[in-house]
Ligand code: C2E
Ligand code: CA
Ligand code: CA
């Protein structure tokens with residue numbers, strides 16, 4: 001897989017789509033999340049869930065992650081009203097080159113640091129808290145925002161929240177999908193209350209129905225994202241949506 005991904009990068013088989021997220025108070029598109037796609041010649045439907053894991057195992061996640069960062073920063077310069085969120089694997093975060101590479105990607109594109117958010121996936125986390133904390137602290141001192149992604153799906157969520165510096169948490173779509181049931185609704189309410197008490201912004205992802213939207217807004221989520229609003233789309237479509 002390592003050489004297949006390396007070749008794919010060289011041949012231009014990877015691209016980035018963007019999924020908008022919206023302020024829950026109805027003030028419109030607040031930002032977009034970059035989501036990687038591989039136009040693989042023989043496996044067109046392979047999703048990032050599948051190949052990101054292979055890229056992490058083989059070590060090429062760093063190159064792949066750099067590609068996404070550069071693309072996303074370059075595209076986002078055209079959308080000055082939006083934040084741009086990029087998914088980051090814990091392995092990237094622990095790489096000593098990471099902070100400098102993020103800084104360079106934003107500077108080369110001309111993107112203000114304040115508009116960049118990095119979403120760190122909780123589940124693959126983090127064997128070395130000290131290194132992670134140092135990297136996150138450096139990134140935040142530049143003005144870059146840090147989100148804890150897929151909140152609630154890992155094993156040590158509360159430890160992460162206590163020990164690492166975040167600006168935002170994203171409630172995983174598995175909880176959002178269940179808010180018509182008592183248990184998931186209670187979990188979402190509790191997570192929002194916890195997040196707000198700690199001063200975080202809260203995004204609910206995977207919002208598919210009007211009922212979910214109403215519930216999540218009433219709970220106090222700051223941002224909503226999901227197919228109800230938009231699927232991930234090409235950068236050109238984001239430009240059109242902003243112009244409309
Ligand atoms: P994620 O960060 O939790 O991203 C959300 C995933 O849910 C995306 O899948 C998105 O297309 C999908 N989604 C969004 N709204 C809805 C909805 O309303 N309903 C449903 N059923 N699904 C929705 P995608 O693009 O296949 O990405 C899967 C995962 O792969 C991402 O989960 C993220 O963890 C990872 N990933 C994607 N791009 C990158 C990347 O550039 N770097 C890294 N490290 N990971 C990435
Ligand atoms: Ca994400
Ligand atoms: Ca998720």
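Take the alpha carbon atoms of segment 53-104, find their center, do the same for segment 223-242, and report the distance between the two centers in whole angstrom.
20
Exposure proxy check: 219, 15 ranked by fewest other beta carbons within 10 Å?
Numbers: 219 20, 15 15.
Ordered from fewest to most neighbouring Cβ atoms within 10 Å, 219, 15 come out as 15, 219.
Only counting other Cβ atoms within 10 Å, I'd like 1, 181 sorted with the fewest neighbours first. Let's see the in-between values first.
On the way: 1 14, 181 10.
Ordered from fewest to most neighbouring Cβ atoms within 10 Å, 1, 181 come out as 181, 1.
Most exposed first by the Cβ proxy, i.e. fewest other Cβ within 10 Å, how do 229, 98 rank?
Details: 229 15, 98 22.
The order, fewest Cβ neighbours first, is 229, 98.
Give the Kirkwood hydrodynamic radius (Å, one decimal) of the chain, defined as one over the mean of 1/r across all pairs of different Cα atoms. If you can, show how the numbers build up before the last one.
Numbers: mean 1/r = 0.0544 Å⁻¹.
Result for the chain, one decimal place: 18.4 Å.
If you build a Gaussian network model of the chain, linking Cα atoms that sit under 10 Å apart, which residue out of 90, 193, 76 swings the most?
193
Just the Kirkwood number for segment 1-73, please: inverse of mean 1/r across all distinct Cα pairs, in Å, one decimal. Numbers along the way, then the final one.
On the way: mean 1/r = 0.0750 Å⁻¹.
With all distinct Cα pairs of segment 1-73 included, I get 13.3 Å.
With a ≥ b ≥ c taken as the square roots of the eigenvalues of the C-alpha gyration tensor of segment 110-244, please select rounded if a/c is under 1.5 and otherwise prolate if a/b is larger than b/c or oblate if it is not?
Verdict is oblate for segment 110-244.
When a/c is below 1.5 the answer is rounded, else prolate if a/b is larger than b/c, else oblate, so apply that to segment 36-93 with a ≥ b ≥ c taken from the square roots of the Cα gyration tensor eigenvalues.
On the way: a/c = 2.55, a/b = 1.50, b/c = 1.70.
Oblate, since a/c reaches 1.5 and b/c is not below a/b.
Before anything else, pin down the relative contact order of the chain: Cα pairs under 8 Å, at least 6 apart, normalised by residue count, whole percent. Display every interim value, and only then the final one.
On the way: 413 pairs, mean separation 46.0, N = 244.
RCO, the chain: 19 percent.
Taking just the alpha-carbon atoms of segment 193-244, what radius of gyration and Dmax come out, in angstrom?
Rg, Dmax (Cα atoms, Å): 13.4, 38.
Taking the DSSP beta bridges in the chain as the whole, what percent of them are antiparallel, to the nearest 5? Mind showing how you got there, number by number?
On the way: 12 of 35 bridges.
Antiparallel bridges make up about 35 percent of those DSSP assigns within the chain.
For the residue pair residue 180 and residue 1, what label-to-label distance in nm results when each label sits 7 Å from Cα along the Cα-to-beta-carbon direction?
3.5
Relative to 2.2 N^0.38 Å, what does the C-alpha radius of gyration of segment 30-173 come to as a ratio? Two decimals please.
Working: Rg = 14.7 Å, N = 144, 2.2 N^0.38 = 14.5 Å.
Normalised by 2.2 N^0.38 Å, the Cα Rg of segment 30-173 equals 1.01.
Values in this text are rule-based calculations from the coordinates and carry no lab data. None of the values given here were measured: they were computed from a predicted structure. A quick note on method: Cβ atoms are made from the backbone with ideal geometry, for glycine too, and the neighbour counts reach across all protein chains shown.
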